[in-house]
1. Compute the length gained on full extension between residue 266 and residue 364: take 0.36 nm times their separation in residues and subtract their Cα-Cα distance, giving the result in nm to one decimal.
2. Provide the solvent-accessible area of residue 196, counting protein heavy atoms only and rolling a 1.4 Å probe, rounded to the nearest 10 Å².
3. Would you please name the trypsin sites (Lys or Arg not before Pro) within the range 165-273 that are DSSP coil residues with at most 10 other C-beta atoms within 10 Å of their C-beta?
4. What pairs from 120/167; 101/158; 247/284; 169/212; 173/296; 101/156 go past 20 Å between their alpha carbons?
5. If packing is taken as the average count of other Cβ atoms within 10 Å, what order do 219-226, 111-118, 293-300 fall into, highest mean first?
6. Can you work out the Karplus-derived ³J(HN,Hα) for every residue in the range 244-255? Use 6.51 cos²θ - 1.76 cosθ + 1.60 with θ = phi - 60°, whole Hz, and x for glycine or proline.
7. Tell me, in nm to one decimal, what length is gained between residue 196 and residue 290 on full extension, where the rule is 0.36 nm per residue of separation less the Cα-Cα distance?
8. How about the range 178-270: which GluC sites (Glu not before Pro) there are in a DSSP loop, with at most 16 other Cβ atoms within 10 Å of their Cβ?
Amino acid sequence: DRRRSLRSSSCLRLTHSSSSSSASAASRQCGVCPRANRARTQAVTDGLFDFHSLSLEEALRRRTRTRRRSRTSASSASSGSSSAEEKRETFDRLIDVFRNKEENKWEKLMAQSKQWDQIKEDFYERLEARAAAGDGGGCEEEQTEEKEALVQLLEKIKGVDEGYQEKKKLFNKLVEASDFDREGLVALYSRQLDNDFFAFARDVIVSFKGDKDTQERHASVMSAVIALREAAKEVEDNQDGLEEAAKQFSSILDAESLSDAEKQIDGLLETGNMDPALLMMMAKAWAGAKESNMMKEEAKDVMFHLYNKARDGLSMQQPSEFKILKYVVSQPTRMERRDALEDAFTPGLNYEEGDTEYLSTTPERLMKTVESVLNMYELQRMKYMGSDPYASAKALKSRGGELTGSEVFTGMMREAASIPGAHVIEDLREVRYLIRKEFLTGGPIKGEEGELWMG
(Lines give C-alpha, C1' and ligand atoms only; values in the text may rest on other atoms or scores of the structure.)
Protein backbone atom coordinates (compact mmCIF):
# COMPACT_ATOMS: atom_id res chain seq x y z
CA ASP A 1 0.00 0.00 0.00
CA ARG A 2 1.39 3.43 -0.88
CA ARG A 3 0.53 7.08 -0.45
CA ARG A 4 2.20 9.16 -3.11
CA SER A 5 2.48 12.87 -3.82
CA LEU A 6 1.88 13.87 -7.43
CA ARG A 7 4.65 16.35 -8.01
CA SER A 8 8.08 17.25 -6.68
CA SER A 9 10.39 20.08 -7.57
CA SER A 10 13.39 17.79 -8.06
CA CYS A 11 12.23 14.25 -8.82
CA LEU A 12 9.49 11.71 -8.28
CA ARG A 13 8.65 11.25 -4.61
CA LEU A 14 7.06 8.04 -3.39
CA THR A 15 5.78 7.86 0.17
CA HIS A 16 5.31 4.37 1.58
CA SER A 17 3.20 3.04 4.41
CA SER A 18 3.61 -0.42 5.93
CA SER A 19 1.91 -3.21 3.99
CA SER A 20 -0.14 -5.93 5.60
CA SER A 21 -1.50 -8.71 5.47
CA SER A 22 -3.57 -24.63 -11.64
CA ALA A 23 -5.59 -50.39 -33.37
CA SER A 24 -8.90 -48.92 -32.17
CA ALA A 25 -11.67 -51.26 -30.96
CA ALA A 26 -13.84 -52.64 -33.73
CA SER A 27 -15.62 -49.64 -35.07
CA ARG A 28 -17.54 -51.28 -37.86
CA GLN A 29 -21.27 -51.71 -37.59
CA CYS A 30 -22.84 -54.52 -39.66
CA GLY A 31 -24.55 -53.11 -42.73
CA VAL A 32 -23.16 -49.55 -42.23
CA CYS A 33 -21.37 -47.95 -45.16
CA PRO A 34 -17.88 -46.74 -44.01
CA ARG A 35 -18.14 -43.62 -46.15
CA ALA A 36 -21.48 -42.67 -44.59
CA ASN A 37 -20.08 -43.45 -41.15
CA ARG A 38 -17.13 -41.09 -41.68
CA ALA A 39 -19.42 -38.37 -43.00
CA ARG A 40 -21.72 -38.38 -40.01
CA THR A 41 -18.71 -38.62 -37.69
CA GLN A 42 -17.30 -35.41 -39.19
CA ALA A 43 -20.71 -33.76 -38.88
CA VAL A 44 -20.95 -34.46 -35.17
CA THR A 45 -17.33 -33.43 -34.67
CA ASP A 46 -18.09 -30.06 -36.22
CA GLY A 47 -21.29 -29.66 -34.22
CA LEU A 48 -20.97 -31.30 -30.83
CA PHE A 49 -17.40 -30.32 -30.14
CA ASP A 50 -17.75 -26.79 -31.45
CA PHE A 51 -14.57 -26.95 -33.54
CA HIS A 52 -15.78 -25.04 -36.55
CA SER A 53 -19.34 -23.80 -36.43
CA LEU A 54 -21.86 -25.42 -34.09
CA SER A 55 -22.15 -25.82 -30.36
CA LEU A 56 -24.07 -28.76 -28.90
CA GLU A 57 -27.19 -26.65 -28.40
CA GLU A 58 -26.98 -25.33 -31.96
CA ALA A 59 -26.53 -28.85 -33.35
CA LEU A 60 -29.56 -30.03 -31.40
CA ARG A 61 -31.66 -27.06 -32.52
CA ARG A 62 -30.77 -27.62 -36.17
CA ARG A 63 -31.61 -31.31 -35.90
CA THR A 64 -34.89 -30.46 -34.21
CA ARG A 65 -35.82 -27.89 -36.88
CA THR A 66 -35.03 -30.42 -39.62
CA ARG A 67 -37.27 -32.99 -38.01
CA ARG A 68 -40.07 -30.46 -37.52
CA ARG A 69 -40.03 -29.56 -41.20
CA SER A 70 -40.60 -33.27 -42.05
CA ARG A 71 -43.65 -33.53 -39.79
CA THR A 72 -47.07 -32.01 -40.17
CA SER A 73 -48.10 -32.41 -36.52
CA ALA A 74 -46.98 -34.05 -33.29
CA SER A 75 -48.57 -34.61 -29.90
CA SER A 76 -46.86 -33.64 -26.65
CA ALA A 77 -46.26 -37.32 -25.84
CA SER A 78 -44.64 -38.05 -29.18
CA SER A 79 -42.62 -34.86 -28.78
CA GLY A 80 -41.07 -36.17 -25.57
CA SER A 81 -40.33 -39.48 -27.22
CA SER A 82 -38.78 -37.68 -30.16
CA SER A 83 -36.54 -35.64 -27.83
CA ALA A 84 -35.25 -38.81 -26.16
CA GLU A 85 -34.65 -40.36 -29.57
CA GLU A 86 -32.70 -37.34 -30.75
CA LYS A 87 -30.58 -37.46 -27.60
CA ARG A 88 -29.76 -41.13 -28.22
CA GLU A 89 -28.87 -40.38 -31.84
CA THR A 90 -26.60 -37.55 -30.70
CA PHE A 91 -24.74 -39.83 -28.31
CA ASP A 92 -24.53 -42.60 -30.93
CA ARG A 93 -22.83 -40.16 -33.27
CA LEU A 94 -20.56 -39.08 -30.43
CA ILE A 95 -19.59 -42.74 -29.92
CA ASP A 96 -18.60 -42.79 -33.60
CA VAL A 97 -16.47 -39.67 -33.01
CA PHE A 98 -14.41 -41.36 -30.31
CA ARG A 99 -14.11 -44.56 -32.33
CA ASN A 100 -12.79 -42.76 -35.39
CA LYS A 101 -10.42 -40.40 -33.55
CA GLU A 102 -7.01 -41.49 -32.27
CA GLU A 103 -7.03 -41.95 -28.50
CA ASN A 104 -4.35 -39.30 -28.03
CA LYS A 105 -6.76 -36.75 -29.53
CA TRP A 106 -9.63 -37.45 -27.11
CA GLU A 107 -8.45 -35.05 -24.41
CA LYS A 108 -8.24 -32.29 -27.00
CA LEU A 109 -11.86 -33.01 -27.99
CA MET A 110 -12.93 -32.71 -24.36
CA ALA A 111 -10.91 -29.55 -23.69
CA GLN A 112 -12.19 -27.71 -26.76
CA SER A 113 -15.80 -28.52 -25.91
CA LYS A 114 -17.72 -26.39 -23.44
CA GLN A 115 -20.37 -29.15 -23.38
CA TRP A 116 -18.36 -32.18 -22.28
CA ASP A 117 -18.69 -31.76 -18.53
CA GLN A 118 -22.45 -31.33 -18.84
CA ILE A 119 -23.15 -34.29 -21.15
CA LYS A 120 -20.61 -36.91 -20.16
CA GLU A 121 -22.71 -38.74 -17.53
CA ASP A 122 -25.68 -39.12 -19.92
CA PHE A 123 -23.24 -40.14 -22.64
CA TYR A 124 -21.77 -42.82 -20.39
CA GLU A 125 -25.28 -44.16 -19.70
CA ARG A 126 -26.01 -44.46 -23.42
CA LEU A 127 -22.68 -46.20 -24.04
CA GLU A 128 -23.36 -48.63 -21.16
CA ALA A 129 -26.86 -49.36 -22.54
CA ARG A 130 -25.50 -50.13 -26.00
CA ALA A 131 -22.79 -52.34 -24.52
CA ALA A 132 -25.35 -54.25 -22.43
CA ALA A 133 -27.57 -54.77 -25.49
CA GLY A 134 -24.63 -55.81 -27.65
CA ASP A 135 -26.33 -54.13 -30.59
CA GLY A 136 -23.82 -55.00 -33.28
CA GLY A 137 -26.48 -56.53 -35.48
CA GLY A 138 -25.83 -59.62 -37.56
CA CYS A 139 -24.69 -62.90 -36.04
CA GLU A 140 -24.13 -63.64 -32.36
CA GLU A 141 -20.35 -63.50 -32.76
CA GLU A 142 -20.54 -59.99 -34.20
CA GLN A 143 -22.80 -58.89 -31.34
CA THR A 144 -20.33 -60.25 -28.79
CA GLU A 145 -17.43 -58.41 -30.49
CA GLU A 146 -19.44 -55.19 -30.54
CA LYS A 147 -20.29 -55.51 -26.84
CA GLU A 148 -16.64 -56.04 -25.88
CA ALA A 149 -15.57 -53.14 -28.09
CA LEU A 150 -18.08 -50.77 -26.45
CA VAL A 151 -17.06 -51.84 -22.94
CA GLN A 152 -13.40 -51.18 -23.77
CA LEU A 153 -14.28 -47.86 -25.37
CA LEU A 154 -16.14 -46.74 -22.24
CA GLU A 155 -13.22 -47.68 -19.98
CA LYS A 156 -10.75 -45.80 -22.18
CA ILE A 157 -12.90 -42.67 -22.40
CA LYS A 158 -13.32 -42.61 -18.62
CA GLY A 159 -9.55 -42.97 -18.21
CA VAL A 160 -8.85 -40.05 -20.53
CA ASP A 161 -11.54 -38.00 -18.77
CA GLU A 162 -9.83 -38.61 -15.43
CA GLY A 163 -6.63 -36.99 -16.71
CA TYR A 164 -8.67 -34.21 -18.31
CA GLN A 165 -10.40 -33.44 -15.02
CA GLU A 166 -7.08 -33.21 -13.15
CA LYS A 167 -5.72 -30.70 -15.65
CA LYS A 168 -8.97 -28.74 -15.74
CA LYS A 169 -8.94 -28.48 -11.93
CA LEU A 170 -5.42 -27.04 -11.98
CA PHE A 171 -6.32 -24.70 -14.85
CA ASN A 172 -9.28 -23.36 -12.90
CA LYS A 173 -7.15 -22.87 -9.79
CA LEU A 174 -4.63 -20.80 -11.70
CA VAL A 175 -7.12 -18.55 -13.52
CA GLU A 176 -9.23 -17.96 -10.39
CA ALA A 177 -6.32 -17.27 -8.02
CA SER A 178 -5.12 -13.81 -7.07
CA ASP A 179 -1.69 -12.78 -8.32
CA PHE A 180 -0.37 -13.22 -4.79
CA ASP A 181 -1.60 -16.83 -4.51
CA ARG A 182 -0.75 -17.72 -8.11
CA GLU A 183 3.00 -17.46 -7.47
CA GLY A 184 2.70 -20.06 -4.74
CA LEU A 185 0.53 -22.33 -6.87
CA VAL A 186 3.10 -22.27 -9.68
CA ALA A 187 5.78 -23.32 -7.21
CA LEU A 188 3.56 -25.96 -5.62
CA TYR A 189 2.43 -27.55 -8.91
CA SER A 190 5.61 -26.94 -10.90
CA ARG A 191 5.96 -30.56 -12.02
CA GLN A 192 2.45 -30.58 -13.51
CA LEU A 193 3.08 -27.34 -15.42
CA ASP A 194 4.71 -28.99 -18.41
CA ASN A 195 4.22 -28.76 -22.17
CA ASP A 196 1.22 -31.10 -22.04
CA PHE A 197 -0.53 -28.85 -19.52
CA PHE A 198 0.01 -25.67 -21.51
CA ALA A 199 -1.18 -27.41 -24.71
CA PHE A 200 -4.28 -28.44 -22.75
CA ALA A 201 -4.75 -24.87 -21.51
CA ARG A 202 -4.67 -23.57 -25.09
CA ASP A 203 -7.41 -26.03 -26.03
CA VAL A 204 -9.58 -24.93 -23.11
CA ILE A 205 -9.17 -21.29 -24.09
CA VAL A 206 -10.21 -22.16 -27.67
CA SER A 207 -13.57 -23.25 -26.24
CA PHE A 208 -14.23 -19.62 -25.21
CA LYS A 209 -14.11 -18.31 -28.79
CA GLY A 210 -17.60 -16.87 -28.35
CA ASP A 211 -16.49 -14.94 -25.23
CA LYS A 212 -13.49 -12.85 -26.26
CA ASP A 213 -13.12 -11.11 -22.87
CA THR A 214 -12.86 -14.40 -20.98
CA GLN A 215 -10.61 -15.85 -23.66
CA GLU A 216 -8.22 -12.90 -23.45
CA ARG A 217 -8.24 -12.92 -19.64
CA HIS A 218 -7.41 -16.63 -19.49
CA ALA A 219 -4.69 -16.23 -22.14
CA SER A 220 -3.09 -13.39 -20.16
CA VAL A 221 -3.13 -15.45 -16.97
CA MET A 222 -1.49 -18.40 -18.73
CA SER A 223 1.17 -16.08 -20.21
CA ALA A 224 1.97 -14.90 -16.70
CA VAL A 225 2.01 -18.50 -15.43
CA ILE A 226 4.59 -19.37 -18.10
CA ALA A 227 6.76 -16.45 -16.99
CA LEU A 228 6.51 -17.56 -13.35
CA ARG A 229 7.26 -21.16 -14.29
CA GLU A 230 10.30 -20.06 -16.31
CA ALA A 231 11.63 -18.13 -13.35
CA ALA A 232 11.05 -21.16 -11.10
CA LYS A 233 12.90 -23.43 -13.54
CA GLU A 234 15.93 -21.15 -13.37
CA VAL A 235 15.87 -21.36 -9.57
CA GLU A 236 15.42 -25.14 -9.60
CA ASP A 237 18.44 -25.57 -11.87
CA ASN A 238 20.68 -24.02 -9.19
CA GLN A 239 21.05 -26.91 -6.74
CA ASP A 240 23.49 -25.08 -4.47
CA GLY A 241 21.12 -22.14 -4.24
CA LEU A 242 18.24 -24.44 -3.34
CA GLU A 243 20.21 -26.07 -0.55
CA GLU A 244 21.20 -22.72 0.92
CA ALA A 245 17.63 -21.45 0.68
CA ALA A 246 16.40 -24.59 2.43
CA LYS A 247 18.76 -23.90 5.34
CA GLN A 248 17.60 -20.28 5.58
CA PHE A 249 13.94 -21.25 5.47
CA SER A 250 14.46 -23.92 8.12
CA SER A 251 16.12 -21.36 10.36
CA ILE A 252 13.20 -18.95 9.95
CA LEU A 253 10.68 -21.65 10.78
CA ASP A 254 12.68 -22.73 13.84
CA ALA A 255 12.66 -19.19 15.28
CA GLU A 256 11.36 -19.04 18.85
CA SER A 257 8.79 -16.38 18.03
CA LEU A 258 7.20 -14.59 15.10
CA SER A 259 9.22 -11.51 16.01
CA ASP A 260 12.48 -13.46 15.76
CA ALA A 261 11.42 -14.85 12.38
CA GLU A 262 10.70 -11.32 11.15
CA LYS A 263 14.13 -10.16 12.31
CA GLN A 264 15.77 -12.93 10.29
CA ILE A 265 13.86 -11.86 7.17
CA ASP A 266 14.79 -8.22 7.78
CA GLY A 267 18.43 -9.23 8.10
CA LEU A 268 18.36 -11.11 4.82
CA LEU A 269 16.74 -8.15 3.09
CA GLU A 270 19.19 -5.62 4.52
CA THR A 271 22.22 -7.66 3.42
CA GLY A 272 20.78 -8.47 0.01
CA ASN A 273 20.63 -12.19 0.79
CA MET A 274 16.90 -12.67 0.19
CA ASP A 275 17.45 -15.12 -2.65
CA PRO A 276 14.74 -15.91 -5.24
CA ALA A 277 15.06 -19.57 -4.23
CA LEU A 278 14.08 -18.70 -0.66
CA LEU A 279 11.14 -16.62 -1.82
CA MET A 280 10.00 -19.50 -4.04
CA MET A 281 10.14 -21.89 -1.09
CA MET A 282 8.11 -19.51 1.05
CA ALA A 283 5.55 -19.12 -1.74
CA LYS A 284 5.31 -22.90 -2.11
CA ALA A 285 4.93 -23.36 1.63
CA TRP A 286 2.14 -20.77 1.79
CA ALA A 287 0.28 -22.34 -1.15
CA GLY A 288 0.60 -25.79 0.40
CA ALA A 289 -0.60 -24.54 3.76
CA LYS A 290 -3.58 -22.79 2.23
CA GLU A 291 -4.71 -25.95 0.43
CA SER A 292 -4.16 -28.20 3.45
CA ASN A 293 -7.05 -29.41 5.59
CA MET A 294 -4.68 -30.67 8.28
CA MET A 295 -2.95 -27.42 9.24
CA LYS A 296 -4.38 -25.10 11.86
CA GLU A 297 -5.51 -21.64 10.78
CA GLU A 298 -2.97 -20.03 13.10
CA ALA A 299 -0.13 -21.83 11.30
CA LYS A 300 -1.54 -20.77 7.92
CA ASP A 301 -1.63 -17.16 9.11
CA VAL A 302 2.04 -17.37 10.10
CA MET A 303 3.05 -18.76 6.70
CA PHE A 304 1.08 -16.00 4.96
CA HIS A 305 2.64 -13.30 7.13
CA LEU A 306 6.22 -14.47 6.59
CA TYR A 307 5.81 -14.83 2.82
CA ASN A 308 4.08 -11.47 2.50
CA LYS A 309 6.83 -9.74 4.50
CA ALA A 310 9.60 -11.26 2.40
CA ARG A 311 7.76 -10.51 -0.85
CA ASP A 312 7.09 -6.88 0.01
CA GLY A 313 10.62 -6.39 1.30
CA LEU A 314 12.13 -7.79 -1.87
CA SER A 315 9.94 -5.55 -4.03
CA MET A 316 11.44 -2.52 -2.24
CA GLN A 317 14.88 -3.56 -3.51
CA GLN A 318 13.87 -3.36 -7.14
CA PRO A 319 15.64 -0.89 -9.46
CA SER A 320 14.45 2.70 -9.59
CA GLU A 321 13.07 2.35 -13.12
CA PHE A 322 10.82 -0.49 -12.06
CA LYS A 323 9.43 1.46 -9.09
CA ILE A 324 8.92 4.57 -11.21
CA LEU A 325 7.17 2.59 -13.93
CA LYS A 326 4.77 1.00 -11.44
CA TYR A 327 3.93 4.42 -10.06
CA VAL A 328 3.37 5.96 -13.50
CA VAL A 329 1.10 3.09 -14.56
CA SER A 330 -0.96 3.54 -11.39
CA GLN A 331 -1.98 7.08 -12.42
CA PRO A 332 -5.59 7.15 -13.68
CA THR A 333 -5.32 9.60 -16.61
CA ARG A 334 -2.91 10.27 -19.47
CA MET A 335 -2.23 13.78 -18.20
CA GLU A 336 -1.32 12.54 -14.72
CA ARG A 337 0.96 9.92 -16.24
CA ARG A 338 2.67 12.56 -18.33
CA ASP A 339 3.18 14.75 -15.23
CA ALA A 340 4.59 11.80 -13.30
CA LEU A 341 7.01 11.08 -16.13
CA GLU A 342 8.12 14.72 -16.15
CA ASP A 343 8.83 14.52 -12.41
CA ALA A 344 10.76 11.29 -12.85
CA PHE A 345 12.90 12.74 -15.64
CA THR A 346 13.83 15.81 -13.56
CA PRO A 347 17.44 15.20 -12.45
CA GLY A 348 17.98 14.53 -8.77
CA LEU A 349 19.55 12.17 -6.29
CA ASN A 350 17.91 8.83 -5.54
CA TYR A 351 17.62 8.43 -1.79
CA GLU A 352 15.24 7.52 1.03
CA GLU A 353 14.11 9.71 3.88
CA GLY A 354 11.94 7.90 6.37
CA ASP A 355 9.09 6.33 4.46
CA THR A 356 9.71 8.51 1.39
CA GLU A 357 11.79 7.62 -1.65
CA TYR A 358 13.09 10.26 -4.03
CA LEU A 359 13.63 8.73 -7.46
CA SER A 360 14.71 9.93 -10.87
CA THR A 361 15.87 8.37 -14.13
CA THR A 362 16.27 9.20 -17.82
CA PRO A 363 13.77 8.68 -20.66
CA GLU A 364 16.16 6.24 -22.32
CA ARG A 365 16.53 4.04 -19.24
CA LEU A 366 12.80 3.98 -18.48
CA MET A 367 12.01 3.23 -22.13
CA LYS A 368 14.39 0.26 -21.94
CA THR A 369 12.41 -1.09 -18.98
CA VAL A 370 9.08 -0.59 -20.75
CA GLU A 371 10.36 -2.34 -23.86
CA SER A 372 11.67 -5.19 -21.72
CA VAL A 373 8.23 -5.82 -20.25
CA LEU A 374 6.37 -5.55 -23.56
CA ASN A 375 8.90 -7.69 -25.42
CA MET A 376 8.63 -10.39 -22.78
CA TYR A 377 4.83 -10.22 -22.93
CA GLU A 378 4.85 -10.76 -26.69
CA LEU A 379 7.40 -13.56 -26.38
CA GLN A 380 5.29 -15.33 -23.78
CA ARG A 381 2.18 -15.00 -25.94
CA MET A 382 4.00 -16.38 -28.99
CA LYS A 383 5.38 -19.28 -26.98
CA TYR A 384 1.99 -19.88 -25.41
CA MET A 385 0.24 -20.04 -28.78
CA GLY A 386 3.04 -22.25 -30.17
CA SER A 387 3.69 -25.90 -29.51
CA ASP A 388 6.40 -25.46 -26.86
CA PRO A 389 5.90 -22.91 -24.06
CA TYR A 390 9.61 -23.11 -23.19
CA ALA A 391 10.96 -22.69 -26.72
CA SER A 392 13.59 -19.95 -27.05
CA ALA A 393 13.26 -19.19 -23.35
CA LYS A 394 16.98 -18.52 -23.02
CA ALA A 395 16.93 -15.75 -25.62
CA LEU A 396 16.07 -13.09 -23.04
CA LYS A 397 18.09 -14.42 -20.15
CA SER A 398 21.18 -12.31 -20.65
CA ARG A 399 21.22 -9.40 -18.26
CA GLY A 400 21.45 -6.22 -20.23
CA GLY A 401 20.35 -4.26 -17.16
CA GLU A 402 19.53 -4.87 -13.55
CA LEU A 403 16.56 -7.16 -14.30
CA THR A 404 15.83 -9.70 -16.99
CA GLY A 405 12.75 -9.21 -19.12
CA SER A 406 11.15 -12.23 -17.46
CA GLU A 407 11.63 -10.78 -13.97
CA VAL A 408 10.26 -7.38 -14.94
CA PHE A 409 7.26 -8.90 -16.74
CA THR A 410 6.42 -11.13 -13.79
CA GLY A 411 6.72 -8.22 -11.39
CA MET A 412 4.51 -5.95 -13.46
CA MET A 413 1.79 -8.58 -13.78
CA ARG A 414 2.01 -9.11 -10.02
CA GLU A 415 1.66 -5.42 -9.28
CA ALA A 416 -1.32 -5.05 -11.63
CA ALA A 417 -3.55 -6.64 -8.99
CA SER A 418 -3.06 -3.65 -6.69
CA ILE A 419 -4.10 -1.07 -9.32
CA PRO A 420 -7.90 -0.73 -9.52
CA GLY A 421 -9.12 -1.42 -13.07
CA ALA A 422 -5.58 -1.84 -14.36
CA HIS A 423 -4.92 -3.39 -17.76
CA VAL A 424 -1.17 -3.37 -17.37
CA ILE A 425 -0.12 -4.16 -20.96
CA GLU A 426 -2.39 -1.49 -22.47
CA ASP A 427 -1.18 0.97 -19.82
CA LEU A 428 2.45 0.23 -20.61
CA ARG A 429 1.83 0.81 -24.31
CA GLU A 430 0.45 4.22 -23.48
CA VAL A 431 3.47 5.02 -21.29
CA ARG A 432 5.76 3.99 -24.15
CA TYR A 433 3.84 6.30 -26.49
CA LEU A 434 4.10 9.22 -24.03
CA ILE A 435 7.83 8.79 -23.52
CA ARG A 436 8.49 8.72 -27.25
CA LYS A 437 6.17 11.64 -27.99
CA GLU A 438 7.06 13.97 -25.13
CA PHE A 439 10.57 13.12 -24.01
CA LEU A 440 12.55 11.45 -26.82
CA THR A 441 13.66 12.90 -30.12
CA GLY A 442 11.99 11.42 -33.16
CA GLY A 443 8.55 11.09 -31.54
CA PRO A 444 6.30 8.04 -31.55
CA ILE A 445 6.37 5.42 -34.28
CA LYS A 446 3.73 5.94 -36.98
CA GLY A 447 0.50 4.14 -36.06
CA GLU A 448 1.58 3.54 -32.48
CA GLU A 449 -1.23 5.54 -30.91
CA GLY A 450 -3.78 3.35 -32.69
CA GLU A 451 -2.19 0.36 -31.00
CA LEU A 452 -3.28 1.78 -27.64
CA TRP A 453 -6.92 1.35 -28.45
CA MET A 454 -6.61 -1.89 -30.40
CA GLY A 455 -4.92 -3.72 -27.50
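1. On the way: separation 98, 0.36 × 98 = 35.28 nm, distance 3.34 nm.
Answer, rounded to one decimal: 31.9 nm.
2. Only protein atoms counted, so the area is about 100 Å².
3. Values: sites: 167, 168, 169, 173, 182, 191, 202, 209, 212, 217, 229, 233, 247, 263; in loops: 191, 209.
Sparse-neighbourhood loop trypsin sites (Lys or Arg not before Pro): 191.
4. Working: 120/167 17 Å; 101/158 15 Å; 247/284 15 Å; 169/212 22 Å; 173/296 22 Å; 101/156 13 Å.
The pairs that break the limit, which is 20 Å between Cα atoms, are 169/212; 173/296.
5. Numbers: 219-226: 23.1, 111-118: 18.0, 293-300: 9.6.
Descending packing order for the listed peptides: 219-226, 111-118, 293-300.
6. 5, 5, 4, 5, 5, 5, 4, 5, 5, 5, 8, 4
7. Working: separation 94, 0.36 × 94 = 33.84 nm, distance 2.61 nm.
Extending this stretch completely gives an extra 31.2 nm.
8. Details: sites: 183, 216, 230, 234, 236, 243, 244, 256, 262, 270; in loops: 256.
Sparse-neighbourhood loop GluC sites (Glu not before Pro): 256.
The values are calculated or read from the model by the stated rules, or taken from the named source; none is laboratory data. None of these values were measured; they are calculated from a predicted model. No Cβ is skipped: glycine too gets one built from the backbone with ideal geometry, and neighbour counts run over all protein chains shown. Side chains included, ligands, DNA and RNA excluded: accessible areas come from the protein's heavy atoms. Shrake-Rupley method; radii C 1.70, N 1.55, O 1.52, S 1.80 Å.
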